[in-house]
Amino acid sequence: MRAMVWLAAAVLFLLLCVLLNLLLPNPPPSGLRRSLQRRTARLAARLHRHPVPDPDPFDTLWLQTRLGYLAGKIRRIESAPQVYARAHRLMALEAAYDDLLDEACRLAGCPGEAEQKRSEEKRWQEEQELAARGWSW
């Protein structure tokens, strides 16, 4: 019986607290509370990891097709001895091929430095990394 009286008193107290909270105007939050809210919001935003979207398979397919096309053109120009502006064409095709390799490595998640100076060695490394990840062109 005594426990019931205490339970009834606790429920009545909580009910009065809720009613007073609804009736009385809420004061603006203190400066300390606002500061804490800003800090926790910044911390939550910093800790929240935004999901990285999966690469579009059609982008991957387009890159592989384009890499194959450029590799074929490079081989064709290298094998033809009498091509007008051969060196200029080779430089332009290799630059385009290198840019596509960089993009393919970014899509495949290959580790590497995009700012590294272009060379045959870097090209070979990127091709090997992509081949190890199942890319073919």
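Rounded to the nearest 10 Å², what accessible area does CYS17 have for a 1.4 Å probe in the complete protein model?
60
For SER119, what accessible surface area do you get with a 1.4 Å probe? Give it in Å², rounded to 10.
We get 50 Å² for SER119.
Hey, rough spin-label estimate for LEU24 and GLU120, points 7 angstrom out along Cα→Cβ, what's it come to in nanometres?
Inter-label distance under the simple model: 8.3 nm.
Pulled fully out, how much extra length does the chain show between LEU47 and ARG106, if you take 0.36 nm times their separation in residues and subtract their Cα-Cα distance?
Extending this stretch completely gives an extra 18.8 nm.
How much of the calculated P(r) for the chain lies past 23 Å, in percent of all Cα pairs?
So the portion of pairs separated by more than 23 Å is 63 percent.
What order, most packed first, do the peptides 128-135, 96-103, 41-48 have when packing is the mean number of other Cβ atoms within 10 Å of each residue?
Descending packing order for the listed peptides: 96-103, 128-135, 41-48.
Under a crude label model (7 Å from the Cα following the beta-carbon direction), how far is THR65 from LEU16 in nanometres?
With each label point 7 Å from Cα toward Cβ, the separation is 7.8 nm.
Just going by the charge dipole of the chain, with Lys and Arg at +1 and Asp and Glu at -1 on Cβ, which of GLN128, ALA10, ALA44 is farthest out on the positive end?
ALA10
At 0.36 nm per residue, and after removing the present C-alpha to C-alpha distance, how many nm does the segment from GLN128 to ARG89 gain when stretched out fully?
Stretched fully, the GLN128-ARG89 segment lengthens by 11.6 nm.
Counting only helical runs of four or more DSSP H residues, what would the 222 nm mean residue ellipticity of the chain come to if each run contributes -39,500 (n - 2.57) and the total is spread over all its residues?
Computed ellipticity for the chain at 222 nm equals -24500 deg cm²/dmol.
With the calculation restricted to Cα positions, what are the radius of gyration and Dmax of region 42-120 in angstrom?
Calculated on Cα positions, Rg and Dmax stand at 17.9, 64 Å.
Taking +1 at the Cβ of each Lys and Arg and -1 at the Cβ of each Asp and Glu, which of SER35, GLY109, LEU23 sits farthest along the dipole of region 23-137 towards its positive end, judged by Cα position relative to the Cα centre?
About the Cα centre, the residue reaching furthest to the positive side is LEU23.
What accessible area, in Å² to the nearest ten, does a 1.4 Å probe give for LEU20?
Here the accessible area works out near 100 Å².
Given a cut-off of under 8 Å on Cα pairs at least six residues apart, what relative contact order in percent is computed for the chain?
22
The values are calculated or read from the model by the stated rules, or taken from the named source; none is laboratory data. Since the model is a prediction, treat every value here as computed from it, not as a measurement. Please note: Cβ atoms are built from the backbone with ideal geometry, for glycine as well, and neighbour counts cover all protein chains shown. Each accessible area value is taken on the protein alone, full model and side chains, heavy atoms only, with ligands, DNA and RNA left out. Shrake-Rupley method; radii C 1.70, N 1.55, O 1.52, S 1.80 Å.
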